[in-house]
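Here is the structure we will look at.
The values are calculated or read from the model by the stated rules, or taken from the named source; none is laboratory data. Predicted model, so just to flag it, every value in this text is computed and none were measured. All Cβ positions, even for glycine, are placed from backbone atoms using ideal geometry, and neighbour counts span all protein chains on display. Surface areas here come from the heavy atoms of the whole protein model, side chains and all, with no ligands, DNA or RNA. Shrake-Rupley method; radii C 1.70, N 1.55, O 1.52, S 1.80 Å.
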Amino acid sequence: MASSIRVRAVENNGVTSLKALVRHPMDSGFVKDSAGNVIPAHFIKVLTISHNGKNVFVANWGPAVSKDPFLECRFKGAKKGDELTISWIDNEGASDSTTATIA
Amino acid sequence: MIDQRRRGFLKGVLGAGVAGFALGSGIVPLRVEAATAPDASDWPQKAFRTPGVDETISELYGMEATESDQITMDLPTIAQNGAVVPVTVETALPNVTSIALLVAKNPNALAAYFDIPDGTLPFVSNRLKMAETTDVVAVVISDGKAYKATQNVKVTVGGCGG
């Protein structure tokens, strides 16, 4: 199956700008389904962005982050062609990881 | 609506088929994902379960935040859909190590917080859910001190309804 993560990273004047979109329900645990049963919380807890084995950005998320979360961040020290690794883990222990090349 | 569900179902079936084939053929090393998964053991359970902005800040960072005009927040003043409210935070404060986003009237105030290592700019954009018209608070840790900025969002459709 295709990766749950879509990433676009662009380097410009030494600053890399990264946009990531993750496919995930991000259920808050407060919403009921049509039958009135509470949908249990199911959300990404930690998302990391690493470059050369070092984390350049760590997002700690709670259930108040929107469904299919979007994240944008900027960092220095990477150049065009470098590889980034983006990984996440959710509260049920599921995880996914992908790599992206800086354009 | 029906069409979308069918799409989802088809994708699910196809995906499962491909995954099943990969497993069956023994090509895919099963441990790869486990090895690269981030460590969620430091995830602050308690801070994410605390109602109230000030209580959450002190739970998460162990200090009180002072107001700062050096924090720029970019978010809509009126959000038509509380389920998806884009929030962008940027700051001119030096030596930023962490940025947190709090939604005052959500059942638990803390929505997200971000570690900003050396070399990463104090900038983040994220989308949040909010139940009703509320203050959104950005907290920035700069030089070991906590600063905050607040902006109100008027929500016309809540993000936590069924």
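Among the listed pairs B:105/B:145; A:54/B:145; A:76/B:46; A:45/B:145; A:80/B:154, those whose Cα-Cα separation exceeds 30 Å are A:76/B:46; A:80/B:154. Shielding of peptide A:65-71 by partners, expressed as the average count of other chain Cβ atoms within 10 Å per residue Cβ, is 6. Model label points for residue B:39 and residue A:70, set 7 angstrom from Cα along the Cα-to-Cβ axis, are 3.3 nm apart.
The distance between label points at residue A:94 and residue B:97 comes to 3.5 nm (points 7 Å beyond Cα on the Cα→Cβ vector).
Across peptide B:100-106, the average count of Cβ atoms from other chains found within 10 Å of a residue's Cβ is 2.
Extent along the principal axes, Cα only, for the stretch A:1-100: 53, 22, 21 Å, with the longest axis given first. Ranked by the mean number of other Cβ atoms within 10 Å per residue, highest first, peptides B:77-86, A:40-49 order as A:40-49, B:77-86. Taking R0 as 51 Å, what FRET efficiency do you get between residue B:54 and residue A:83 from their Cβ-Cβ distance, rounded to the nearest 0.05? Computed FRET efficiency for residue B:54 and residue A:83 comes out at 0.75.
Excluding same-chain neighbours fewer than eight residues apart, the lysines reachable from residue A:32 by a Cα-Cα span under 18 Å are A:67, B:129. Working from label points 7 Å from Cα in the Cα-to-Cβ sense, the residue B:66 to residue A:13 distance is 3.1 nm. For peptide A:8-18, the mean count of partner chain Cβ atoms within 10 Å of a residue's Cβ comes to 1. Counting only protein heavy atoms and a probe of 1.4 Å, the accessible surface of the stretch A:5-101 is 46% carbon and sulfur.
The fraction of Cα-Cα pairs per 5 angstrom bin, counted from 0 for the stretch B:47-155, comes to 2, 13, 26, 25, 20, 10, 3, 0 percent, rounded to whole percents. Each part reduced to its alpha carbon centroid, the stretch A:54-85 and the stretch B:90-155 end up 15 Å apart.
Suppose a student asked you for the relative contact order of chain A, using Cα pairs under 8 Å spaced at least 6 residues apart; what percent would you report? This gives 33 percent for chain A.
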